[in-house]
Amino acid sequence: MDEAIHAAWDSYRILEKRTSAEERQEAQQRVEAATDTYGREEVSRGTVFLVGVLTGYLIAEQAGGEDRLDPLSDLIPAVISRLPTFEMADPAQVPMVTGVLMAAAMGMDTVAWRDRFGQIPPEETLVHSFVLWLLADLFDSLTGRPRVIDRMMRETFDSTATERS
């Protein structure tokens, strides 16, 4: 469901400090509307999907480079080690979000992998949102272009909406 995935990306935009107050409010409204329409679970699954997408982008972006991030020894530890910077990140959720990152690094369908363990509790959803933000921040840092991943994702959402029209 494209709207649930878009709402999942909006969770990144809400966390991103460079998002204007107006854009943050619009993002919050889209998250609430998608949650009302599709349910919290579907938006949570959208976040897990996007963690897989961004992990894939990071691995592909680095392919062939001398300073290539190894997904298992560099990428995942870099993300997981920064989770404590988010006060609301429940440490009990770290094993599952690490598993999602591992599945993504191995090229697996992150949503299918996560679905095997049942519904995603709200505490885990929040940590996946933090992971999504950390991956986006890492992507922007590696490319040296602030908010480039946000522009790419919004262009993708815009083109998908245009195709459906």
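The values are calculated or read from the model by the stated rules, or taken from the named source; none is laboratory data. This is a predicted model, so every value here is computed, not measured. Here the Cβ is made from the backbone with ideal geometry for all residues, glycine too, and neighbour counts use every protein chain on show. Each accessible area value is taken on the protein alone, full model and side chains, heavy atoms only, with ligands, DNA and RNA left out. Shrake-Rupley method; radii C 1.70, N 1.55, O 1.52, S 1.80 Å.
Does Thr19 count as open to solvent by less than 70 Å² (accessible area, probe 1.4 Å) and β-branched (Val, Ile, Thr)? The answer is yes for Thr19. Annotation for the stretch 75-86: no member residue is open to solvent by 60 Å² or more (accessible area, probe 1.4 Å), of a type in the set (A, V, I, L, M) and more than 17 Å from Arg40 (Cα to Cα). For the stretch 70-93, the condition holds for at least one residue, the condition being that it is touching a helix residue (DSSP H, G or I) at 6+ places or on another chain (Cβ under 8 Å), acidic (Asp, Glu), at pLDDT 95 or above and not in a helix (DSSP H, G or I).
Figure legend. Inter-residue proximity from the stretch 133-152: first residues in a helix (DSSP H, G or I), second residues open to solvent by 40 Å² or more (accessible area, probe 1.4 Å), beta-carbon distance below 6 Å, spacing 6+ or different chains. Indicated pairs: Trp133/Leu15; Leu134/Arg82; Asp140/Pro146.
Within the stretch 114-128, the presence of at least one residue that is closer than 17 Å to Ser11 by Cβ, touching a Gly at 6+ places or on another chain (Cβ under 9 Å) and crowded, with 17+ Cβ neighbours inside 10 Å is confirmed. Could you tell me whether Val131 is crowded, with 21+ Cβ neighbours inside 10 Å and modelled with pLDDT of 95 or more? In short, yes.
Would you pick out the residues in the stretch 1-16 that are open to solvent by 70 Å² or more (accessible area, probe 1.4 Å) and either within 15 Å of Ala136 (Cα to Cα) or charged (D, E, K, R) (or both)? It would help to see each step written out before you state the result.
Going through the stretch 1-16, the residues open to solvent by 70 Å² or more (accessible area, probe 1.4 Å) turn out to be 1, 3.
Hit for the stretch 1-16 is Glu3, nothing else.
In the stretch 2-56, the qualifying residues are those that are at negative phi and part of a loop (DSSP other than H, G, I, E, B), and the one that is farthest from the chain's Cα centre (by Cα) is Ser20. Just one of (1) within 16 Å of Asp150 (Cα to Cα); (2) open to solvent by 50 Å² or more (accessible area, probe 1.4 Å) fails for Tyr38. It is (1).
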